[in-house]
Amino acid sequence: MTGANERYDLIVVGAGINGSGIARDAALRGLRPLLLDKGDIGGGTTSWSTRLIHGGLRYLEHAEVGLVRESLRERERLLRIASHLVEPLPLLLPIYAGDRRGPVLIRAGMIAYDALSFDKSLPHHRMLGRDETLQRVPGLNPLGLRGAALYFDGQITYPERLAVENAIDARDNGAEVRLYTEVEELLVAGGKVVGVSGRDLLADEPFEARAPLVVNVAGAWVDAVLRGVGTPTPLMGGTKGSHLVVGPFPGAPPTALYLEAKRDGRPFFVIPWNGQYLIGTTDERYGGDLDLIVASDDEIDYLLAETNRVVPTARLARPDVLWTYAGVRPLPHQPAGATGAITRRHVIHDHAGHGGPAGLVSIVGGKLTTYRELAEQTVDAAGRLLARALPRSTTGNEPLPGASGDGTFPVTGALELRSTDHLRRVYGSAAGAVVARAVSPGLPRPFDPVSGAIGAEIPYAFEREGARTLADALLRRTMVGLGPEVGIGADLAAAEVARQTLGWSEERAEREIRAYREFVSRYRPRSLGDALSPDSAADHVTMAVLKPR
Ligand SMILES: Cc1cc2nc3c(=O)[nH]c(=O)nc-3n(C[C@H](O)[C@H](O)[C@H](O)COP(=O)(O)OP(=O)(O)OC[C@H]3O[C@@H](n4cnc5c(N)ncnc54)[C@H](O)[C@@H]3O)c2cc1C
């Protein structure tokens, strides 16, 4: 048994963006948190979003003015405290004759959005006429086009890195971070939750830890963690959303497009992202396996058809899809009504106030954009529940490690230009610490020709940033797995670097590569072969095997 004798102030279950943010806020205020995840940092829904740091223009339709204001304030903060990861993103919202949302409604929404972000650094919106719209995006379907609104939000290319930096900074400030440790049971004594027990999945041994407060921030899995302590109704009722990734295509927009789907009037995006285009999302109720969520053929066809309608020269078909991903939004339980109308606001649910045990708080809902504020509010609540007078949160002004300093880092002549660029985009000012490890001959060289990621990033991922598996290093540290080939090919080179620098045996390298390829087969990637054949998505994943390229 591991972990039983340590003393913690709180146990945070789930190292997604919200759990990692909570752990960092708590550690910076002098508490000692234990942050647990059954997988890797940011390996849950945090990896499956549209990657926007946005106020949520759409929420104005549901009169969620408070949520929009809060999100816009957080957007501004993240542009500062995570400046290496979050960038301004221009979005064009074309308006067509017959759209459910006409120019008057769009204009009113834009004015409200600007008013609610009066203190922003980003430009105000502009309404464009038909000709200027077509000048900006010549590929747009001109039929019925009336004009467009041009406005700004934030884009985070790698939310996974935001979670990793929060968790690692939490650790550097006194938190303990234990990955691949699954909570199976909440320990209850005298009507109070006193800790958690479960399994260390990599060591394959039981695990137990105790603390006066457990924060259940397991996202879509919140109800599964509560199993055994009994809540009358489920807290979560997530909806599934899928995305496609395609390469640049004829008529591809130079700015992001915010579009209305013809089939159901739902908004969706076509976004330049990571040298590719991200198209999504869908929004469907989901009751399936939370650990294996796959974009369905129907969702893929829907997103392709809607994109082709707005950009007719695109003519995108299934073989053009490089890969896909899907996740479940951790939304509050609301079994009836339109999925788009379910609130995106978060709730800090103190079980003792609802007839449940003391010492337990569950987090319901939340977006990437508002993680920092959610974390601050949760730690404020933790202070009250622990009867501890805590200092005020500093995370609103305290830059994340990669955003500290002036963003520059020492570059040696051995680095290629694309590698310098990649290091800056992934690690920000912490890139200097990666470069400092590029001491032996192979390490400044790219192991991934697409991104320019260098060998030194592999030992850095494991020794400094808590990676435990090859998948962690490729998908949530170096970000190589988010390229057009989802890291197929680069995985072999990365495992070779691990053999040379981390002492991996040949057997471990092979096992890691096999596990990696099995994992990414859920993306239905083109680089793994006939992923988008007419077979069903589920069939494809069950037959996921190591295929030579
Ligand atoms: C399709 C889609 C699009 C989205 N787009 C955006 C967007 O553009 N902008 C935005 O702001 N937000 C967006 N979101 C919302 C956002 O991604 C999520 O709200 C956010 O990532 C949730 O983070 P989390 O930390 O709460 O959950 P997660 O990231 O899911 O983290 C929960 C963690 O708990 C762990 N866990 C589960 N069970 C256990 C257990 N028993 N023991 C230990 N650990 C456990 C999991 O492994 C997981 O890592 C989108 C979501 C989806 C699905």
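The values are calculated or read from the model by the stated rules, or taken from the named source; none is laboratory data. The shown structure was predicted, so the numbers you read here are calculated from the model rather than taken from an experiment. Glycine gets a Cβ as well: all are built from the backbone with ideal geometry, and neighbour counts include every protein chain shown. When the accessible area is computed, the model is the full protein with side chains, heavy atoms only, and any ligands, DNA or RNA have been set aside. Shrake-Rupley method; radii C 1.70, N 1.55, O 1.52, S 1.80 Å.
Some observations on this one:
- The charge dipole of segment 394-443, taken about the Cα centre with unit charges on the Cβ atoms of Lys, Arg (+1) and Asp, Glu (-1), comes to about 140 debye, rounded to the nearest 20.
- Remark: the chain carries a charge dipole of roughly 1160 debye about the Cα centre, counting +1 on each Lys and Arg Cβ and -1 on each Asp and Glu Cβ.
- Taking one quarter of the surface of the C-alpha convex hull of segment 254-316 gives a mean projected area of 5.2 nm².
- Per residue, the accessible area of segment 407-542 comes to 40 Å² when a 1.4 Å probe rolls over the protein heavy atoms.
- Kirkwood radius for the chain, taken over all pairs of different Cα atoms as the inverse mean of 1/r, rounds to 24.1 Å.
- Net +/- balance of residues flanking residue 109 in space, Cβ distance below 15 Å, scoring K and R +1, D and E -1: 0
- At a probe radius of 1.4 angstrom, the accessible area of segment 238-365 per residue rounds to 35 square angstrom.
- Ordering 303, 59, 502 by the projection of their Cα atoms onto the charge dipole of the chain, which places +1 on the Cβ of Lys and Arg and -1 on the Cβ of Asp and Glu, puts 59 at the extreme positive end.
- From most to least packed by mean Cβ count within 10 Å, the peptides 375-388, 26-39 give 26-39, 375-388.
- Heavy-atom accessible area order for 54, 351, 124, largest first, 1.4 Å probe: 124, 54, 351
- Mean residue ellipticity at 222 nm, helices only, the chain: -9000 deg cm²/dmol; runs of at least 4 DSSP H residues each add -39,500 (n - 2.57), and the sum is divided by the number of residues.
- Using every pair of separate Cα atoms, the Kirkwood estimate puts the hydrodynamic radius of segment 1-147 at 18.7 angstrom.
- For segment 215-297, the calculated P(r), taken from all Cα-Cα distances in 5 Å bins from zero up to the bin holding the longest distance, is 3, 12, 18, 16, 15, 13, 10, 7, 4, 2, 1 percent.
- log₁₀ of I(q)/I(0) at q = 0.15, 0.18, 0.19, 0.21 Å⁻¹ - segment 407-542, Debye sum with one point per alpha carbon: -0.70, -0.94, -1.02, -1.20
- To put it simply, the accessible area of the chain at a 1.4 Å probe is 54 percent carbon and sulfur.
- Here segment 261-388 yields Rg over Rh of 1.08, to two decimals, using C-alpha coordinates and the Kirkwood radius.
- Within-12-Å neighbourhood charge of residue 140 [Cβ basis; K, R +1; D, E -1]: +2
- Distance from the alpha carbon centroid of segment 128-187 to that of segment 342-402 works out to 21 angstrom.
- Protection-proxy order for peptides 500-508, 172-180, each taking the mean of Cβ atoms within 10 Å per residue, highest first: 172-180, 500-508
- Ratio of Rg to Rh over segment 77-168 (Cα coordinates, Kirkwood Rh, two decimals): 1.08
- Segment 237-284-segment 67-111 distance, computed between alpha-carbon centres (Å): 15 Å
- Dipole in debye (nearest 20) - segment 1-86, about Cα centre, beta carbon charges: Lys, Arg +1; Asp, Glu -1: 220 debye
- Over the chain, relative contact order from alpha-carbon pairs under 8 Å, at least 6 apart, %: 17 percent
- The listed peptides 194-203, 14-23, 467-476, ordered by packing as a protection proxy, come out as 14-23, 467-476, 194-203 (highest mean of other Cβ atoms within 10 Å first).
- Cα Rg, Dmax, segment 2-61, angstrom units: 15.0, 51
- Sites residue 468 and residue 227, calculated FRET efficiency, Cβ-Cβ separation with R0 22 Å, nearest 0.05: 0.30
- log₁₀ of I(q)/I(0) at q = 0.15, 0.22, 0.27, 0.28 Å⁻¹ - segment 123-181, Debye sum with one point per alpha carbon: -0.62, -0.92, -1.05, -1.07
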